[in-house]
Structures are given as C-alpha cells and as structure tokens.
Amino acid sequence: MRIAAVVTDLDGTLLEPDGSLGPEAHAALVRLAACGVPVCPLTSKTVAELVAFAATVPAPAPAGFENGAGIVLPDGEARLALQAVPVAELRVVLERLRGTTGAPARSIEELDDRELEALTGLTGVARARARERRATLPLQVDPVWDDRLRAALGEDSPVRLVRGNRFLHLQGHHDKDDVVPQVLALVAPDGGTIVGCGDAPNDLGLLEHCDIAVIVPGARGPHPELTRRLPRALIAPHPHGRGWAAALEQLLTDRKPGIRP
C-alpha cells in the first residue's frame with residue numbers, strides 16, 4: 001500500500017492535550033517526510049498557529065484552518081473559503097444569541113489569559129496566536145446550552161454551531177472536509193491511499209473523506225460517536241500523539257497488530 005497523504009486533526013490527535021508535539025509524533029513526522037508522505041493538518045487552529053506549527057515539522061504541507069474556513073500554504077499564504085463568515089460578523093451574532101437565550105457564552109477573545117490557559121494549556125505568544133481568528137469564534141459554554149443556542153440561530157442562518165473538544169465553534173457553513181479536495185489537489189494530484197486521523201465528532205467528515213480512517217483515542221478511550229458512525233475505522237493503540245505515531249508507523253509498514261478495527 002502506498003500512502004499518498006495524511007490529513008489529520010491536531011489537538012488531541014497529533015498533538016498532546018496541552019498542544020505540544022510529543023517525541024513519538026515528531027519521529028513519525030520525520031519518517032513520513034523521508035517516505036515522501038505529506039501530512040496536512042485540518043484543524044480549528046488559526047493561520048498564525050499553523051504557520052508556527054509548520055516551523056516545527058520536517059516537511060510543512062498545506063493545511064486547513066479554523067474548521068475549513070480556508071487553507072494556508074507552507075509559505076503562510078491564506079485563502080478564505082466562500083462559505084466563511086468574517087469574525088466581525090460572528091461577534092454580532094454572538095451578542096444576539098446571548099440576548100435571546102441568556103446563555104453565559106464567552107468567546108475566546110473574551111476569556112482572560114488565565115482562563116484560556118486553564119482550558120487549553122496555551123501561554124504567552126501561543127495563546128495570542130489562538131485568538132487571531134479570521135472566520136470562527138470558539139465559545140466557552142456548557143454543552144447543556146448547545147441545543148437552545150442552535151434553535152436561536154434558526155434554520156436559514158448563514159452561521160452554525162459546531163461542538164469540538166473544548167469549545168463550541170460559531171462559524172459559517174464549512175467543515176474540515178470541505179477543504180480536503182483543495183489540499184489533496186496540491187499534495188496528491190495523482191491519487192493514492194489517503195489516511196485520515198481524528199479524535200472528535202467534528203473530525204467525522206474528514207475521516208469519512210479518506211480511504212483509511214484512524215480514530216485516535218483520548219485518555220478515556222475513543223470517542224463513542226466516532227466508533228458508532230465509523231465501525232470500520234482503525235483505532236490507534238494509545239491516546240493522542242503517541243497513538244497517532246504508532247498507527248502511522250504500522251500503516252507505513254503494512255502492519256496493524258496494535259490497531260484494532
């Protein structure tokens with residue numbers, strides 16, 4: 001089997017929960033680069049965060065930013081998707097939602113430094129990069145409010161709410177998988193086997209788009225919605241970056257003893 005490309009979520013999948021790149025994941029990235037396999041992040045991270053991430057890996061590749069709001073090239077050029085809604089408009093929508101529902105939702109811009117660090121582990125310049133939103137607005141709000149907030153948006157709204165691991169994302173009608181064709185056209189124009197990796201429900205479309213789906217578990221195991229929706233997916237043998245690395249190493253050598261279907 002020839003792996004043409006890997007498309008992957010970052011936080012909790014390739015990266016550790018604190019946003020760091022572990023030694024096993026870094027070693028796997030080095031091997032993938034040596035094999036000529038591009039690794040394309042598809043993430044809720046910002047352009048600024050992805051540019052910083054690209055500087056830490058051996059072979060930067062095109063990436064999707066802010067849940068499919070657009071793509072960013074290795075040189076830092078960003079291309080916004082047509083469905084993306086500018087963050088200034090999202091701020092207006094958030095104010096309306098709070099007034100309509102009474103939900104105690106606060107955006108990533110409104111959380112103070114200590115609160116954001118407690119939620120994400122980010123500090124200093126990394127924390128500032130996470131706030132540089134272009135077309136999504138992550139909200140800190142208890143999931144019990146999700147349905148009420150979605151109902152308040154209405155069916156014809158140009159924006160929607162997507163639940164991730166830590167935040168409820170206010171954004172346009174775009175997903176990570178919307179930018180997969182653009183990314184693959186740049187890195188794998190001749191086709192081949194595409195491997196997708198993710199750990200949360202907002203990675204579902206990404207995983208469905210790939211030939212081989214790898215579910216990376218968290219500390220409590222794989223997400224039950226992903227295992228229910230993707231019964232044929234492979235499940236990495238360890239949580240987070242260590243599991244991501246083990247799954248890719250085994251796929252590169254056509255061995256799957258540590259990955260269960």
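Read the figures in this text as sums done on the coordinates, not as results from a lab. Everything numeric here is computed off the predicted structure, so don't read it as measured data. FYI the Cβ positions are ideal-geometry reconstructions off the backbone, even for glycines, and counts take in every protein chain you see.
Of the DSSP beta bridges with both residues in the chain, give the percent that are antiparallel, rounding to the nearest 5.
Working: 19 of 35 bridges.
Here the share of antiparallel DSSP bridges comes out near 55 percent.
Assuming 0.36 nm per residue, please report the length gained on full extension of the stretch Ala55 to Arg163 beyond their Cα-Cα distance. Provide the component values of the computation, followed by the final result.
On the way: separation 108, 0.36 × 108 = 38.88 nm, distance 2.86 nm.
Going from the current span to full extension adds 36.0 nm.
For the chain, what does -39500 (n - 2.57) per DSSP helix run (n ≥ 4), summed and divided by total residues, give at 222 nm, in deg cm²/dmol to the nearest 500? Working shown, then result.
On the way: 10 runs with 90 residues, N = 261.
Rounded to the nearest 500, the figure is -9500 deg cm²/dmol.
With a cut-off of 8 Å between alpha carbons and a minimum separation of six or more residues, what is the relative contact order of segment 87-172 in percent? It would help to have the intermediate numbers written out before the result.
Numbers: 96 pairs, mean separation 29.0, N = 86.
34 percent.
What FRET efficiency do you get for Arg228 and Leu82 if R0 is 45 Å and r is their Cβ-Cβ distance, rounded to the nearest 0.05? Don't skip to the end; give the middle numbers.
Values: r = 32 Å, r/R0 = 0.71.
Once rounded, the FRET efficiency stands at 0.90.
Tell me which trypsin sites (Lys or Arg not before Pro) from segment 1-106 have a DSSP coil assignment and no more than 16 other beta carbons within 10 Å of their own.
Working: sites: Arg2, Arg31, Lys45, Arg79, Arg91, Arg96, Arg98, Arg106; in loops: Arg2, Lys45.
Passing both the DSSP loop test and the Cβ count: Arg2.
Please arrange Ser157, Ser107, Ser44 by how many other C-beta atoms lie within 10 Å of their C-beta, fewest to most.
Values: Ser157 14, Ser107 19, Ser44 28.
Sorted ascending by nearby Cβ count, the order is Ser157, Ser107, Ser44.
Would you work out the relative contact order for the chain, in percent, from Cα pairs under 8 angstrom that are 6 or more residues apart?
23 percent
For the pair Ala126 and Asp142, how long in nm is the line joining their label points, each one 7 Å along Cα→Cβ?
Here the answer is 3.0 nm between the modelled labels.
For the chain, list log₁₀ I(q)/I(0) at each q in 0.07 Å⁻¹, using the Debye formula over Cα point scatterers of equal strength and ignoring solvent, two decimals each.
One equal scatterer on each Cα of the chain leads to -0.23.
In a GNM of the chain with a 10 Å cut-off on Cα contacts, which of Ala213, Ala48, Ala185 has the highest mean-square fluctuation?
Ala185
Using every alpha carbon pair in segment 87-172, what percent of pairs falls into each 5 Å bin from 0 up to the bin containing the largest distance?
Bins of 5 Å from zero give 3, 14, 28, 25, 17, 8, 4, 1 percent of pairs.
For Ala5, which sequence-distant residues (separation of 5 or more, or a different chain) have an amide H within less than 5 Å of its own amide H, given hydrogens modelled in the peptide plane?
Those lying under 5 Å, H to H, from Ala5 are Val195.
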